[in-house]
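Report on the structure given below.
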Amino acid sequence: MLKIYNSLAREKQNFVPITPGSVRMYVCGMTVYDYCHLGHARVLVVFDMVQRWLRASGLEVNYVRNITDIDDKIIKRAFDNKESIGELTERFIRCMDEDAAALGVEKPDHEPRATAYIPQMLELIRRLEANGLAYQTAAGDMNFSVRKFPGYGKLSGKSVDDLRAGERVDVDGTKDDPLDFVLWKHAKPGEPFWPSPWGNGRPGWHIECSAMGSDLLGKHFDIHGGGQDLQFPHHENEIAQSEGAHRCRFVNYWMHNGFVRVDDEKMSKSLGNFFTIREILKKYDPEVLRFFILRAHYRSPLNYSEGHLDDARQALSRLYTALKAVPAEVAPIDWNQSPALRFRQAMDDDFNTPEACAVLFELAGEVNRNQSPVLAGQLRALAGLLGLLTRDPQVFLQATPRNEGEISAADIEALIGQRVAAKQRKDYSAADRIRNELATAGVILEDGAKGTGWRRA
RNA sequence: GGCGCGAUAGCAAAGCGGUUAUGCACCGGAUUGCAAAUCCGUGUAGGUGGGUUCGACUCCCGCUCGCGCCUCCA
């Protein structure tokens, strides 16, 4: 039985889908005005893993990950860059697709864009107005009346009276209450806008997810995920809007992944301490990054440093080394056998990927000891469920993501040829000199029964 | 001020009321021309003070420290 930690209940709960055998899941994706950073990588990889495990568990999954392609930051960035909003967002959507693909993230079933859902947003706002939860300000904005929605704060554990709106940011004087948030912003001169019953304007921050979620998955669906920083106010407001408009429960299970940190501080755009995915991929294999993310539990903080990535790379090499030594027999996973059983237990326990990885390493040890193609096959198949160990071991071990200036495979092979000749005439000092030369260039030689192999350190 | 989370061996990171987590690094041995890889062996880790218990890293309470949210953020 799959258990999921539900942020709404603050505890692990048995997962029971609304419709037996199928799952509807929505994850807050990117706002596309810049390159994806490591925090985005974590959401991408974590929910890709969740989606894969749900499917592996035999459930039919409808996975939606949205793209927010209209908001204040996008407008500002396009203006600063002197390009159109469309050009800007298209460009960064392409980059996001590239980054996600590199990390082995499968395409969601739907990737709706906010700008394609304006009518649905307007309909939601209309309902909220009809239900007495929305009002128009003197300035022309449509706002949500937080205090008129009972239960506001249930996701983030906040009580309306404890929220200190305006403590850190100036209060907008046109609101009825400082806690109210905007559903529809009236257009200022020069800003993009859509016509609406409340005048020309554009969507507020939260309404797009309520609209896309309910349009694609229904008013009530199973799982909603995203980064922990979205829990408040974004997800809290999504609940208020959706339940306020539809008058029914919005989401059963809320999942939030932990932050990526740098030097024990949250990695964020405002702190400026973020690393983009493509920046990291210049030095590290994308699978190393994926493994680095998955070897920690998704709810724990994940501290980033190159040292930790190096560590992850070594660990992943051990797995690939086992597969290199023993050809994996292609076979379905035997769920009755101990490794698979333990793997499933770990994953069913709120997606405990660190424990699942431990199973992988123990399996690798077995493979090394027994040289068993069957076990190697299980290792490969189980890891595949996490989107790991999908490549040729040789290709992984000889890959050169670190920098462009590295010695080429052809040069390495040539030197190995020379060394083999030296060894044949028992000129070991010449052989060792070549090995040391290669070692300096970051190449490790492995003399074996079948000849000399190599890999990058 | 309100709410919440965490503290595990050199580093990273899990489960678990009593039995080896796991990985990296380190050390000894096997293997190797020497290595690498692999295998075998070695680690009395669980912030601190109490309590519950036959027994606690694991449950309860206090304390200390760290972090997050209450503002845009994945």
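The values are calculated or read from the model by the stated rules, or taken from the named source; none is laboratory data. What you see is a predicted model, and the numbers here were worked out from it, not measured in a lab. So basically every Cβ, Gly included, is an ideal-geometry build from the backbone, and we count neighbours across all protein chains shown.
List of remarks:
- Residues satisfying the stated conditions in region A:325-336, i.e. surrounded by fewer than 20 Cβ atoms within 10 Å (Cβ to Cβ) and either under 13 Å from residue A:365 (Cα atoms) or within 6 Å of RNA strand B (Cβ to nearest atom) (or both): A:325
- Near pairs, Cβ below 6 angstrom, 6+ apart or cross-chain, from region A:1-25 (closer than 21 Å to residue A:217 by Cα and assigned to a strand (DSSP E or B)) to any residue that is of a type in the set (Val, Ile, Thr) and within 16 Å of RNA strand B (Cβ to nearest atom): A:25/A:223
- Any hit, region A:345-355, residues being among the aromatic types (Phe, Trp, Tyr) and crowded, with 19+ Cβ neighbours inside 10 Å: yes
- Any hit, region A:252-267, residues being crowded, with 22+ Cβ neighbours inside 10 Å, among the acidic types (Asp, Glu), over 14 Å from the mean Cα position of the chain (by Cα) and within 12 Å of RNA strand B (Cβ to nearest atom): no
- Some residue of region A:434-453 being exposed (fewer than 12 other Cβ atoms within 10 Å of the Cβ), more than 28 Å from the chain's Cα centre (by Cα) and among the polar types (S, T, N, Q): yes
- Taking the conditions (1) near RNA strand B (Cβ under 9 Å from one of its atoms); (2) touching a helix residue (DSSP H, G or I) at 6+ places or on another chain (Cβ under 6 Å) in turn, residue A:231 satisfies each one other than (2).
- Checklist (1) modelled with pLDDT of 95 or more; (2) of a type outside the set (Phe, Trp, Tyr); (3) within 24 Å of the chain's Cα centre (by Cα); (4) surrounded by 14 or more Cβ atoms within 10 Å (Cβ to Cβ) applied to residue A:124, failing item: (3)
- Complete set of residues in region A:337-369 that are assigned to a loop (DSSP other than H, G, I, E, B) and more than 11 Å from RNA strand B (Cβ to nearest atom): A:337
- Top-ranked residue of region A:7-53 - restricted to ones that are away from RNA strand B (no atom under 14 Å from the Cβ) and under 30 Å from residue A:72 (Cα atoms), ranked as surrounded by the fewest Cβ atoms within 10 Å (Cβ to Cβ): A:24
- Screening residue A:315 against (1) under 15 Å from the mean Cα position of the chain (by Cα); (2) free of Cβ contacts under 8 Å to residues at least 60 places away in the same chain leaves a single unmet condition, (1).
- Scan of region A:383-426 for residues that are at pLDDT below 95 and part of a loop (DSSP other than H, G, I, E, B), ordered by number: A:399, A:400, A:401, A:402, A:403, A:404, A:405, A:406, A:407, A:408, A:425, A:426
- Just one of the listed residues (A:154, A:158, A:107) is outside any helix (DSSP H, G or I), under 19 Å from the mean Cα position of the chain (by Cα) and charged (D, E, K, R), namely A:107.
- Residue A:214 near RNA strand B (Cβ under 10 Å from one of its atoms) and either surrounded by fewer than 20 Cβ atoms within 10 Å (Cβ to Cβ) or not in a loop (DSSP other than H, G, I, E, B) (or both): no
- Residue within region A:399-413 that is surrounded by 15 or more Cβ atoms within 10 Å (Cβ to Cβ) and over 31 Å from the mean Cα position of the chain (by Cα) present: yes
- From A:4, A:70, residue being farther than 26 Å from residue A:104 by Cα, among the hydrophobic types (A, V, I, L, M, F, W, C), more than 11 Å from RNA strand B (Cβ to nearest atom) and in contact with a strand residue (DSSP E or B) (Cβ under 7 Å, 6 or more places away or on another chain): A:70
- Leading residue by the ranking (farthest from residue A:406 (Cα to Cα)) among those in region A:285-324 that are crowded, with 20+ Cβ neighbours inside 10 Å and among the hydroxyl-bearing types (Ser, Thr, Tyr): A:298
Residue by residue, here is whether (1) of a type outside the set (A, V, I, L, M, F, W, C); (2) within 19 Å of residue A:236 (Cβ to Cβ); (3) crowded, with 18+ Cβ neighbours inside 10 Å; (4) under 24 Å from the mean Cα position of the chain (by Cα) holds:
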| residue | (1), (2), (3), (4) |
| --- | --- |
| A:113 | yes, no, no, yes |
| A:116 | no, no, no, yes |
| A:143 | yes, yes, yes, no |
| A:149 | no, yes, yes, no |
| A:181 | no, yes, yes, no |
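- Count - residues of region A:401-451 that are within 13 Å of RNA strand B (Cβ to nearest atom) and closer than 23 Å to residue A:316 by Cβ: 8
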